[in-house]
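These notes are about the structure you will find just below.
The values are calculated or read from the model by the stated rules, or taken from the named source; none is laboratory data. Note that the structure is predicted; figures quoted are calculated from it, not measured. Because the Cβ atoms are built from the backbone with ideal geometry, glycine has one as well, and the counts that use them run over all protein chains shown. To get the accessible areas, we keep the full protein, side chains included, count just its heavy atoms, and leave off ligands, DNA and RNA. Shrake-Rupley method; radii C 1.70, N 1.55, O 1.52, S 1.80 Å.
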Amino acid sequence: MQTQPTTPFGRRPLSLAMVASQAATENFAARPHASETVVHKWRLFRALTEAKEPLGVTDRALSVLHALLSFHQETVLTLPANDSKSAETDSAGAGIVVFPSNKELSIRAHGMAPATLRRHLACLVDAGLIIRRDSPNGKRFARRGQGGAIEDAFGFDLMPLVARGAEIENLAEEVRAENRATALLREKITLTRRDIAKMIAAGIEEGVSGDWEGFHLRYATLSGRYARNLLRSDLEALADELALLAAEIRKLLETYVKAQNMSANESQSERHIQNQTTNISDFEPSLPKGRAEPSGLNYQEVGAPSASEPEILGTGGRRPEQKPGSARTYPLGMVLEACPDILDFASGGISSWRDLAATAAVVRKAIGVSPDAWAQALDVLGEHDTSIVIAAILQRGDEIKSAGGYLRVLTAKARTGEFSLGPVLMALLRGKAAKAARERKRVG
């Protein structure tokens, strides 16, 4: 190649980035044995795709680069020897120049508009991945000498890809390592959130003394910070905070277990914990779609309920050791958070269990629960639990066609010890958190 232009044609300015790229390429070409460097162009392109962010190129710019690479006939990129001009190739002199017309380049770039094509070509030049070798009139062409060998070529020089091949591979490996570390952090966060949710449900069900409402609020706050666009440092901080919360809850449960006597009652309680864990579904806010809902939390009401229908509000296997209507530790704040719709029926708000019971009495008329079904529920479940059940039925009103008939079924199950409110509240909280997560994703 007799001439090697270094400035662009027409009004395009020469930038310092262009000068730096040309200087680095020339320095590489001047090294001993530089012509022995061989780069597989499609493997390098894959590395470029992975390292596009640190290199500062877009996916559209890479599409243009892919089209340029397709005009180079060989599979590998290598610097031709300075004295080799016998082969008919688009590589000449110290460069690897391809010279497609704008029309052909646009076709191979899947019909990209000329203005868009020029913009992404400029992006590749600024990123130092290609060098412009513009002719005096701005056209791209090759001049062949005697024997058909190319003497001069004007177009786009791909030699920076050879010069920066090792750098690009290293950047791609760093990106892969970062992605692996991020994936492991997200996996750790998902598992820890699941552990916390299960432990809170178990603690509430077993009546373990503790600030379960506070634990749940901390869990919900931390879960609300989880998003797809978090940086690795943010994920590490979130994982550490969730791990501390999980350790605190686990210590509380282990202390409770150690305090129990190793007796038949304890064995029965252990079986109860195992059954309950089986019936409680994974209520994390970001549970992937498509996961099957366990039968203990199936909310598909298809008609007036009967004793043989799937259980909608968390009824599990029979637990004879639990007396119907026994006292449970369900904080009022948790009930209102799980069933916020009942607040619409409260004239002066709900600040106590007395307010909740009074509002539930109003709601049961609105949803069609007969006085007889209401009286039976109060007799079996008690005032507090009946109020919670009414609030839960109201919250799931679209899925329950016969509120009165459904309340009778739950009352019958509670009479035999087969109904538990813990899964009800946790399932409603899970649904609320999942809906909020979907809304954040839609807005984001």
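Odds and ends about this structure:
- Qualifying residue in segment 49-67 (condition: in a loop (DSSP other than H, G, I, E, B), at pLDDT 65 or above and closer than 22 Å to D134 by Cβ): yes
- Subset of segment 176-200 (residues that are free of Cβ contacts under 8 Å to residues at least 12 places away in the same chain and polar (S, T, N, Q)): N179
- Per the listing I388, I342, I312, the residue uniquely surrounded by 17 or more Cβ atoms within 10 Å (Cβ to Cβ), at pLDDT 90 or above and within 22 Å of K432 (Cβ to Cβ) is I388.
- Residue match in segment 148-163 (condition: touching a helix residue (DSSP H, G or I) at 6+ places or on another chain (Cβ under 8 Å), open to solvent by 10 Å² or more (accessible area, probe 1.4 Å), over 30 Å from V335 (Cα atoms) and at pLDDT 90 or above): no
- Residue in segment 217-230 that is within 17 Å of L428 (Cα to Cα) and buried (at least 20 other Cβ atoms within 10 Å of the Cβ) present: yes
- Once segment 204-217 is narrowed to residues that are of a type in the set (G, A, S) and out of contact with any helix residue (DSSP H, G or I) (no Cβ under 6 Å at 6 or more places or on another chain), the residue that is farthest from L253 (Cα to Cα) is G214.
- Pair list, Cβ under 7 Å, 6 or more apart: segment 408-420 residue open to solvent by 20 Å² or more (accessible area, probe 1.4 Å) and modelled with pLDDT of 85 or more, other residue part of a loop (DSSP other than H, G, I, E, B) and of a type in the set (S, T, N, Q): V409/S306; K413/T315
- In segment 53-69, the residues that are in contact with a Leu (Cβ under 6 Å, 6 or more places away or on another chain) and closer than 15 Å to R176 by Cβ: P54
- Odd one out for V302, checked against (1) modelled with pLDDT of 50 or more; (2) under 37 Å from the mean Cα position of the chain (by Cα); (3) open to solvent by 30 Å² or more (accessible area, probe 1.4 Å): (1)
- So D398, is it among the acidic types (D, E), buried (at least 21 other Cβ atoms within 10 Å of the Cβ) and either closer than 22 Å to K432 by Cβ or touching a Pro at 6+ places or on another chain (Cβ under 8 Å) (or both): no
- Pairs are defined by a Cβ separation below 7 Å, a sequence spacing of at least 6 or placement on different chains, a first member in segment 112-131 that is within 13 Å of N102 (Cβ to Cβ), and a second member that is open to solvent by 10 Å² or more (accessible area, probe 1.4 Å); the pairs so defined are M112/S106; P114/N102; P114/S106; L117/N102; L117/S106; H120/R60.
- W353 passes every criterion in (1) open to solvent by 50 Å² or more (accessible area, probe 1.4 Å); (2) more than 23 Å from A201 (Cα to Cα); (3) aromatic (F, W, Y) apart from (2).
- Residues (more than 27 Å from L336 (Cβ to Cβ) and either open to solvent by 20 Å² or more (accessible area, probe 1.4 Å) or not in a helix (DSSP H, G or I) (or both)) located in segment 182-216: T182, A183, L184, L185, R186, E187, K188, T190, L191
- Any pair with Cβ under 8 angstrom, 6 or more apart, that starts in segment 368-390 at a residue that is of a type in the set (D, E) and ends at one that is part of a helix (DSSP H, G or I) and open to solvent by less than 60 Å² (accessible area, probe 1.4 Å): E383/A357; D385/A414
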